[in-house]
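The values are calculated or read from the model by the stated rules, or taken from the named source; none is laboratory data. Everything quoted here is computed from the prediction, not taken from an experiment. Cβ atoms come from the backbone with ideal geometry, glycine included; neighbour counts cover every protein chain shown.
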Amino acid sequence: MMAAKKHKILIVDDEPNFLRSMKDVLELEEFEVSTNLRARDALAFMQGNRADVMITDLRMPQMSGIELLRQVKTNWPETIVFMLTAYGSIRDAVMCMKLGAENYIMKPVNIKDLVGHLGQALANRANNGNSSSERKKESDVKLIGQSDAICNIRALVERVAKSDLSIIICGESGTGKELVANAIYRDSNRTNKPFLKINCAALPDHLLESELFGYEPGAFTDAKKLKRGKLELIHEGTLFLDEIGDMPVAMQAKLLRVLEEKRVERLGGNRAIPTDFRLLSATNQDLEKLISEGRFRGDLYFRLNALQIKLAPLREIRDDVPLLTEYYVQQIAFSLRINAPKIHQSTIEMLLRYYWPGNVRELRNVIHRAVVLNTGDEILPEHLPEQIRRQEFGRDAPDFPALLSLEEMERHHIMKVLQIADGNKNRTAALLNIHRDTLYRKLRKYELD
């Protein structure tokens, strides 16, 4: 008979004697045990290995057990974490449990009790189907942060996910609107059904229409064979329409009809096809302003806006920057199959001062660049882009010469955002939070095109 697979346990503690004794005892209980003296070494170990359970001390030099817990639950949410401490406090216990710890155990450890807790936790995971082979990796859709704004978003997502409410997710470009949509879908009652995404700003009008509605052969010149549209394919699933504010008004009317009748007709067809789906949408524009300008239908807006989730720009939740930075360093290093570098405190301070016009997306790109450029074991300010080192977008240290006119300042600002966006005008418009047509007018005005 094949032997039962041993559960893997990683123990992290800065006391070598404690590690040796724990390893010996748990190996007698038929566990496969690895040990690390430092939290950062444990994270490096996890990048190339997997542990069913991590047992970590709370107070350790360089990186605490709480920070290790946060990193593990961010990157490997399926790993069960037990916290150990010789200095118990209610505040620490509550913090650990909020961050996802399975248990909080006082030293000296009662081995019999610990083994019992381990067995129960592993059994619960197996019964709930939470192994990595049976569930989606939660970190793919995890909303990272401990600010009140992010905590409130997570709580709201948890409350509304299982409803069928139509939801509009609002926020500046790069704030994580698609991530919120992913989280809602993951926790919804439709999670085992299709999830389709369309960026309304990325497709020309005629392509967007055929993508949504599909077409019959001969519906137009290039329609050689039948194409089923997303509104048909998404039956019983969830549709995410990104940049809904860029949808042409004529198509808004057709979408409203589908939502009201729960039927869709292909282009060139005359048969109504039943469809039932949940609609999530996102925008970085002020839809009420677009309504007043005649560029968005009010009746569609009220149909979509059963609930609105507003995401804060990164400059308003700066306290989350260190946590996000550490998360991206670990994630990117893991994808590159390298050891995650440390982040120098002066680098963190520089990131905290920056204004982040591109929000979380810009932060991730900056960290990706820094990890790639870094040749040592620490990310230093010199690995950051010039505009961050010079704080060109920081309100505390503006990079504008004195006594410039308003138009000169605007021209200067547009040039800098164009540089950040690598010349991509759609992204530049999104970062500036203006419509593409407005950007093109300003480019012509300032001869920047």
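Observations on the structure shown:
- Residue that is surrounded by 15 or more Cβ atoms within 10 Å (Cβ to Cβ) and modelled with pLDDT under 90, where the choices are Ser173, Ser188: Ser173
- Filter pass, Arg318 being free of Cβ contacts under 8 Å to residues at least 24 places away in the same chain and on the phi < 0 side of the Ramachandran plot: no
- Taken over region 123-170, the criterion of being at positive phi and either touching a helix residue (DSSP H, G or I) at 6+ places or on another chain (Cβ under 6 Å) or modelled with pLDDT of 90 or more (or both) is satisfied by Gly145 alone.
- Residues satisfying the stated conditions in region 276-296, i.e. of a type in the set (Gly, Ala, Ser) and touching a residue at least 24 places away in the same chain (Cβ under 8 Å): Ser281, Ala282, Gly294
- Test result for Phe302, surrounded by fewer than 16 Cβ atoms within 10 Å (Cβ to Cβ) and closer than 19 Å to Asp246 by Cα: yes
- Residues (closer than 30 Å to Lys224 by Cβ and among the β-branched types (Val, Ile, Thr)) located in region 160-214: Ile198
- One residue from Arg271, Arg257, Arg263 being over 18 Å from Leu165 (Cβ atoms), over 31 Å from the mean Cα position of the chain (by Cα) and modelled with pLDDT under 90: Arg271
- If only residues of region 216-253 that are closer than 18 Å to Arg278 by Cβ and in contact with an Asp or Glu (Cβ under 8 Å, 6 or more places away or on another chain) are counted, the one that is modelled with the lowest pLDDT is Gly229.
- Test for Leu418: is it in a helix (DSSP H, G or I), within 20 Å of Leu363 (Cα to Cα) and in contact (Cβ under 8 Å) with a residue 40 or more places away in the chain: no
- Long-range neighbours under 9 Å by Cβ, at least six apart or interchain, first residue in a loop (DSSP other than H, G, I, E, B) within region 370-381, second exposed (fewer than 12 other Cβ atoms within 10 Å of the Cβ): Leu380/Ser346
- Residue selected from region 342-363 under the condition without any contact (Cβ under 8 Å) to a residue 40 or more places away in the chain and under 14 Å from Ile317 (Cβ atoms), by the criterion surrounded by the most Cβ atoms within 10 Å (Cβ to Cβ): Leu351
- So Arg91, is it assigned by TED's automatic domain parsing to the domain that holds Gly48, of a type in the set (D, E, K, R) and either modelled with pLDDT under 75 or assigned to a strand (DSSP E or B) (or both): yes
- Residue, modelled with the lowest pLDDT, within region 194-215, restricted to residues that are within 20 Å of Arg257 (Cα to Cα) and of a type in the set (A, V, I, L, M): Leu207
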